[in-house]
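Right, I'll just put the structure down here and ask away after.
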Amino acid sequence: MNKGKYYITTAIAYTSGKPHIGNSYEIVLADSIARFKRKEGYDVFFQTGTDEHGQKIELKAQEAGVTPKEFVDNVSSTIKGLWDLMDTSYDKFIRTTDADHEKQVQKMFKRFYDQGDIYKGSYEGMYCTPCESFWTESQLKDGKCPDCGRDVKPAKEEAYFFKMSKYADRLIEHINTHPEFIQPVSRKNEMMNNFLLPGLQDLCVSRTSFKWGIPVDFDNKHVVYVWLDALTNYITGIGYDADGNSSEQYKKLWPADLHLIGKDIIRFHTIYWPIFLMALGEPLPKQVFGHPWLLQGDGKMSKSKGNVIYADDLVDFFGVDAVRYFVLHEMPFENDGVISWELLVERLNSDLANTLGNLVNRTISMSNKYFGGIVADKGVAEAVDDDLKATVTATYAKVCEKMEGLRVADAMTEIFNHFKRCNKYIDETEPWVLAKSEDKKDRLATVLYNLVESIMIGASLLEPYMPSTAKKIAAQLNTELRAFETLGTFGSYPSGSKVTETPEILFARLDAKEVVEKAEAMFASRKAAEAPSNEKSEESVIDIEAKPEIEYDDFGKMQFQVGEILSCEAVPKSKKLLCSQVKVGSSVKQIVSGIRKYYTPEEMVGKKVMVLVNLKPATLAGVKSEGMLLCAEDADGNLALMTPEKAMPAGAEIC
């Protein structure tokens, strides 16, 4: 039964580093929806991939001492490996460094320019490198990036801008006439009230301050800004051509049925992306769902804390399907979910080991004990059977209803309610009591048949969420997982079939204390291994050769003050030097420092530093220097700027 096409995408993962379990949740969520739709009879195309351009990646590659392409090749491979580890069934893994994607982005950019949608100007504002976003002062929250809460830096550069306001009214009308377009509704209200209705600002769509991006082919000083590059993957990945020669696959699949994304990037997908599509004359995606976040129960995941949880960590502890179960079942529809080691163990023990695993094991063991593994329907029914059958045959419709609204956690709850009903049926019928009477033998056989049939209905429904577990259950019951359209009826399990002689333990119970101790040891080991070679413990010391003693008057001749770096650039004739404009009190000094190996010009801007201000001016690599920035140096020659422990004004005396 073919219900037509269904095109689903995830946001493409940013290749600045290995994604944590909160990022991995999205691919598992999308996979469960894609698998469910396939089981329903849809021709599904599931696309994911990696977002590989931008200033942040250029800086990360610099720090790692590799080219940006080498850096993203490595990270993209890691991400793809994680997606594969989590048993996700994507059909296409796109990379924004793919040649066909880059070519189409250039063509789209030129088309927008030729249409008058893009114009050249300049941008001056506050810039957040991790988010690749410009902000005005009024948009900041407590002086920080409103999206991620990190520090921003002043930036000014020539750029191309997209005329967002040209399409704003049309987008507002679309959202108002398509209530299903943005889900959940709370996300829709946020976009309308905070961005669209107050009036859209034109969007910066190119950059000149870094080079790691797709070049604007008619103005090679510019590279295409990350969001125009990244968002278009949803059409370039299926064969869109800006010249009008799109593939048959594109014509079949577009518009997308579902963009599944994190709530933090809902603005880009429900405002910028639809406007780009309008400018191209292409239909908008049918639905954008901004899912909540998965947060760590004992505080924010942080590399500095050494407590970041990755998907492969959890798989090592619990197995793939247990992790899939947890992230899918514990995430509410709109609110953030919580992950902790204790909660993981609790869910594994109660839901997976007990409710599901024990049910399957008991049923198979009793079938072997009482009938040599043969499961036969003897037709000896009692009233209690009717309630069981009514419950398990109604589960499919309930699950479909939840999945239609993308309420995946609720759908899984319905399936586990199904298994709980099976366990209750065992308590109600007491097979061990029936086994004591020869004249109850056929009734016992019927009870076990009803259990096996009910388990098979539940396992078939479970497949999109826990595919490996569902297949293991079917294999132990010596049958195949069923098509969805058969799950509303009871009695499909072939009477007289033989189950496995030795049931496999699907999920072993774990001790929470042991798991937490093991996790803490893992984090401690990782933090030690990942510490930079120049990072010394608190007990580490360095002895240097002592210089001759000086009088206090000698020290008093030196004037030290706090300075604030206003701007910084590399010295053209040197690989080591940076030239900084440093505000000290009401004056600005130009200071040249040999720290280019340790700091980028962008990192320097905004720093408060310790300055020797009355050093005699000198010329370094043809550039005048009017002071010295104080640094600490370790035994390996690594440098770190000396900065005030507390906030101090530029010009404060250091004494």
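Shape of the stretch 552-654 from its Cα gyration tensor (a ≥ b ≥ c, root eigenvalues): rounded if a/c is under 1.5, otherwise prolate when a/b > b/c, or oblate?
Since a/c stays below 1.5, the shape of the stretch 552-654 is classed as rounded.
Going down the list Lys557/Lys597; Lys188/Lys252; Lys573/Lys624; Lys144/Lys607; Lys60/Lys103, which pairs span over 23 Å between their C-alpha atoms?
With Cα atoms farther than 23 Å apart: Lys557/Lys597; Lys188/Lys252; Lys60/Lys103.
Cα gyration tensor of the stretch 182-253, axes a ≥ b ≥ c as square roots of the eigenvalues: rounded (a/c below 1.5), prolate (a/b > b/c) or oblate?
Judged from the Cα gyration tensor, the stretch 182-253 comes out oblate (a/c at least 1.5, b/c at or above a/b).
Which distance in Å, rounded to a whole number, links the C-alpha centroids of the stretch 349-393 and the stretch 1-69?
39
Give me Val224, Val308 ranked fewest to most by other Cβ atoms within 10 Å of their Cβ, as a rough exposure proxy.
Lowest to highest Cβ neighbour count: Val308, Val224.
Can I ask one more? Report the gain in length on full extension from Ala508 to Lys573: 0.36 nm times residue separation, minus Cα-Cα distance, nm rounded to one decimal.
16.9 nm
Ser497 label point, 7 Å along Cα→Cβ, cut-off 16 Å on backbone N: hits in the stretch 429-467?
Answer for this model: 446-463.
Pick out, from Gly622, Pro644, Ile595, the residue whose Cα sits farthest towards the positive end of the charge dipole of the stretch 552-654, with +1 on the Cβ of Lys and Arg and -1 on the Cβ of Asp and Glu.
Farthest along the dipole direction, towards plus: Gly622.
Using Stokes-Einstein with the Kirkwood hydrodynamic radius over Cα pairs, what translational diffusion coefficient do you get for the chain at 10 °C and a viscosity of 1.306 mPa s, in µm²/s rounded to a whole number?
It diffuses with D of about 55 µm²/s by this estimate.
For the stretch 42-111, with equal point scatterers placed on the C-alpha atoms only and solvent neglected, what are the log10 I(q)/I(0) values from the Debye formula at q = 0.12, 0.13, 0.16, 0.26 1/Å, to two decimals?
-0.42, -0.48, -0.69, -1.13
With the dipole of the chain worked out from charges on the C-beta (+1 for Lys and Arg, -1 for Asp and Glu) around the Cα centre, which of Leu612, Gln287, Ala383 lies farthest toward the positive end?
Checking the options against the dipole of the chain, the answer is Gln287.
For Asp169 and Glu190, FRET efficiency with R0 = 22 Å and r from the beta-carbon atoms, rounded to 0.05?
For Glu190 and Asp169, the calculated efficiency is 0.70.
Name the residue farthest towards the positive end of the dipole of the chain from the options Ser165, Ala256, Ile455, assuming +1 on Cβ of Lys and Arg, -1 on Cβ of Asp and Glu, about the Cα centre.
Value computed over the given set: Ser165.
Rounded to the nearest 500, what is the 222 nm mean residue ellipticity of the chain from helices alone, with -39500 (n - 2.57) per DSSP H run of 4+ residues and division by all residues?
On the way: 22 runs with 255 residues, N = 655.
My calculation for the chain gives -12000 deg cm²/dmol from helical runs alone.
Let me ask something else about it. Any idea what the relative contact order of the stretch 552-654 is, in percent, if you count C-alpha pairs under 8 Å spaced at least 6 apart?
Computed over the stretch 552-654, the figure is 32 percent.
So for Ile565, Ile266, fewest C-beta neighbours within 10 Å to most, what's the order?
Ile266, Ile565
Can you give me the C-alpha center-to-center distance between the stretch 573-631 and the stretch 141-167, rounded to a whole angstrom?
27
A further question on this structure: With r defined as the distance between the Cβ atoms of Arg111 and Asp264 and R0 fixed at 41 Å, what FRET efficiency is calculated, to the nearest 0.05?
Rounded to the nearest 0.05, the efficiency is 0.90.
So how far apart, in nm, are the two label points at Lys424 and Trp293 if each is 7 Å from Cα heading toward Cβ?
In this crude spin-label approximation the distance works out to 3.8 nm.
So the label point goes 7 Å from the Cα of Ala647 along Cα→C-beta, right? Which residues of the stretch 600-622 then have their backbone N under 15 Å from it?
Taking a point 7 Å out along Cα→Cβ of Ala647, the residues of the stretch 600-622 whose backbone N falls under 15 Å are 607-608.
From the square roots a ≥ b ≥ c of the eigenvalues of the alpha-carbon gyration tensor of the stretch 339-498, which class results: rounded (a/c under 1.5), prolate (a/b over b/c), or oblate?
prolate
Determine ³J(HN,Hα), in whole Hz, for all residues of the stretch 627-641 in sequence, where each value follows from phi through the Karplus function 6.51 cos²θ - 1.76 cosθ + 1.60 and θ = phi - 60°; x replaces Gly and Pro.
Once rounded to whole Hz, the list reads x, 9, 8, 7, 10, 9, 10, 8, 5, 8, x, 6, 10, 9, 4.
Here's a follow-up. Extension gain Val66-Ser437, at 0.36 nm per residue separation less the Cα-Cα distance, in nm?
126.0 nm
Once label points are set 7 Å from the Cα along Cα→Cβ at both Ala397 and Ser89, what is their separation, rounded to one decimal in nm?
In this crude label model, Ala397 to Ser89 measures out at 2.5 nm.
Throughout, read-outs are computed from the coordinates displayed, never taken from laboratory work. This structure is a prediction, so every number in the text was calculated from the model and none was measured. With ideal geometry, Cβ positions are generated from the backbone for all residues, glycine too; neighbour counts draw on all protein chains shown.
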